[in-house]
Amino acid sequence: MAAQLTSILGDLVSVNHRLTRVAARAAHGSESPAVWRTLSVLLTSGPIRLGELADLSRVSQPTATKLVGGLAARGWIERTSDPADARVSRTSITDAGTAALIAWRTELAAALLPYFADLPAADVETLERAVAILRDRVEQTERQDASPSPSSSPSLLAEPRTAELTAADATVAAR
């Protein structure tokens, strides 16, 4: 079972990257994927320091500095003083940045729609279920990474979530 799951997860990551590239090409996106990844990180993480942002966005700190400068100039993010240490700033997404990210995700989903519009209802339900499972596992991992404790052990593969998604949740999750 573990070997089969390892193979499936490897395929999932590979296909996800390919799907993202297909969607970006179909949507005729001109922004760097790092822009959208950075905004996504800020949307889910809240205000964070530049080093954390670089780490979570999987870019170098100089690249994160350049991204933050460009995004701040557009009004998509803002930098504020860290209340715990005035020498440090925290970066957060603005309402305009959130709107830009949502618009891009909507464009991606619309660009992919022709490739998936003919799926039978059962396959759409399978995708909804897969998205729910993946979202749950990613959220669990992010929570564990945010607050590691010596007694915590990864139990992410124990039980899948059984809650059903609404159609709106599935649409947002697919982005």
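The values are calculated or read from the model by the stated rules, or taken from the named source; none is laboratory data. Note that the coordinates shown come from a computational prediction; the quantities given were computed from them, not determined experimentally. We place every Cβ from the backbone using ideal geometry, glycine too, and count neighbours over all the protein chains shown.
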Looking only at residues that are out of contact with any helix residue (DSSP H, G or I) (no Cβ under 8 Å at 6 or more places or on another chain) and either more than 23 Å from R143 (Cα to Cα) or of a type in the set (D, E) (or both) in the range 44-69, which one is modelled with the lowest pLDDT? D55
Within the range 59-101, residues being among the aliphatic types (A, V, I, L, M), exposed (fewer than 15 other Cβ atoms within 10 Å of the Cβ) and in contact (Cβ under 8 Å) with a residue 24 or more places away in the chain number 1
Got a sec? Which of A23, A110 is surrounded by 14 or more Cβ atoms within 10 Å (Cβ to Cβ), farther than 21 Å from R137 by Cα and in contact (Cβ under 8 Å) with a residue 24 or more places away in the chain? A23
In this structure, is L71 of a type outside the set (S, T, Y) and touching a Phe, Trp or Tyr at 6+ places or on another chain (Cβ under 8 Å)? no
At negative phi, modelled with pLDDT of 90 or more and in contact with a Leu (Cβ under 7 Å, 6 or more places away or on another chain), is that true of V41? yes
Does R25 fit the bill of being part of a helix (DSSP H, G or I), basic (K, R) and touching a helix residue (DSSP H, G or I) at 6+ places or on another chain (Cβ under 9 Å)? yes
Residues being closer than 23 Å to H17 by Cβ and free of Cβ contacts under 8 Å to residues at least 60 places away in the same chain: count how many of those fall in the range 115-126. 6
Need the failing condition index for A163 against (1) modelled with pLDDT of 50 or more; (2) farther than 25 Å from A3 by Cβ, just the number. (1)
For the range 33-134, give me every one of the helices (runs of 4 or more DSSP H) that falls completely inside it and has 1 or more residues that are over 17 Å from the mean Cα position of the chain (by Cα). 50-57, 61-73, 95-116
